[in-house]
Amino acid sequence: MINKKERVILKLSGEALTNSSENIYSIDILKNITEQISYLIKNYQLKIGIVIGGGNIFRGSLAKSLGMIKNEESADHMGMLATTINAIALNIYLKNAKIKSIVLNAREIKGLLNQPSEEKISEEFIKNDVIIFGGGTGKPYVSTDTAAALRAIESKSSYILMAKNNIDGIYDKDPNHFTNAKFFKKLTFKEFIDLKLQAIDHQALQKLEGTDIKIIVFNMNGKNNIIKLYENKLKAKTILTK
Ligand code: UDP
């Protein structure tokens, strides 16, 4: 059960912002996410952090196939910049819907974006209802899942709502390919790592080991699923705890 008094981080992958491989964004999806966030702010006075991925634009893992051999770090920086582009894009939609929102970026962009810190986050949550976190952790070799863990800790959030596309939680194998795939309603971070499941970056889970933060993995493709999850009306989901 999500306690409405507690702060949440929504982790959106870059691919959650589009429904085609040709366009980096879908206007309808961006509008829909904005409407759901707006509803939650109006109805629950929600303060929410959104950690956004970059996979709709660039991922470090593309480096090799593009001939960028031995350039993994640079490729990861490209990926982090992609998340910044997404953060700014989502912020434009939220602002156009009159939502008080700001982007904090793992690396400062002088004159454009400030860096997050515990103090900066609490300060910005007084003025804003949404903080969009761009730029991942600012460090290579991890994904924005780890950024979600880091920002959840810094913002003293209790939950990370981890949105997935067209899959309603964690399975032991891909349910689209294996009819006998087993669904997990609950898992500990350790169980997830020991089972070598891949849907979440293991470094993110290791970061959360010493905290009470829970991860709830859900499918964001159903109608109003972010709202339904927050209102504890979404049955299919996986809850991960320490
Ligand atoms: N990335 C990184 N460090 C971070 C976060 C992201 O190096 O802390 C890079 C990495 O190359 C990753 C890319 O940014 O592939 C995009 O992030 P991610 O894959 O998490 O995006 P998503 O799959 O959620 O869209």
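The values are calculated or read from the model by the stated rules, or taken from the named source; none is laboratory data. Computed from a prediction, not measured in an experiment: that's the story for all the values here. Neighbour counts run over all protein chains shown; Cβ positions are idealised from the backbone, glycine included. All accessible areas refer to the heavy atoms of the entire protein, side chains included, with ligands and DNA or RNA removed. Shrake-Rupley method; radii C 1.70, N 1.55, O 1.52, S 1.80 Å.
Annotations
- Residue match in region 60-68 (condition: open to solvent by 60 Å² or more (accessible area, probe 1.4 Å), in a loop (DSSP other than H, G, I, E, B) and more than 8 Å from the ligand (Cβ to nearest atom)): no
- Some residue of region 211-225 being surrounded by fewer than 17 Cβ atoms within 10 Å (Cβ to Cβ), hydrophobic (A, V, I, L, M, F, W, C) and outside any helix (DSSP H, G or I): no
- When region 38-53 is limited to residues that are assigned to a loop (DSSP other than H, G, I, E, B) and in contact with a strand residue (DSSP E or B) (Cβ under 9 Å, 6 or more places away or on another chain), the one that is nearest to the ligand (Cβ to nearest atom) turns out to be Gly53.
- Extreme residue, nearest to Gln206 (Cα to Cα), among residues of region 134-192 that are among the hydroxyl-bearing types (Ser, Thr, Tyr) and in a helix (DSSP H, G or I): Thr146
- Members of region 69-88 found to be among the charged types (D, E, K, R) and open to solvent by 50 Å² or more (accessible area, probe 1.4 Å), listed by number: Lys70, Glu72, Glu73
- Among the residues making up region 136-189, a single one is of a type in the set (Ser, Thr, Tyr), surrounded by 20 or more Cβ atoms within 10 Å (Cβ to Cβ) and without any contact (Cβ under 8 Å) to a residue 60 or more places away in the chain: Thr137.
- In region 9-37, the qualifying residues are those that are touching a residue at least 60 places away in the same chain (Cβ under 8 Å) and either out of contact with any helix residue (DSSP H, G or I) (no Cβ under 8 Å at 6 or more places or on another chain) or part of a strand (DSSP E or B) (or both), and the one that is nearest to the ligand (Cβ to nearest atom) is Glu15.
- Selection of first residues in region 216-231 that are farther than 15 Å from Ser38 by Cα and of second residues that are part of a helix (DSSP H, G or I) and not polar (S, T, N, Q), restricted to Cβ pairs under 8 Å at least 6 apart or on distinct chains, gives the following pairs, ordered by first then second residue: Ile216/Leu229; Phe218/Leu229; Met220/Ala16; Met220/Ile226; Gly222/Lys228.
- Against the test of being under 17 Å from the mean Cα position of the chain (by Cα) and either modelled with pLDDT under 95 or near the ligand (Cβ under 8 Å from one of its atoms) (or both), the options Ala89, Ala75, Ala82 yield a single qualifying residue, Ala82.
- If you go through region 173-198 and keep only what is in contact with a Lys or Arg (Cβ under 7 Å, 6 or more places away or on another chain) and over 13 Å from Ile239 (Cα atoms), you end up with just Ala181.
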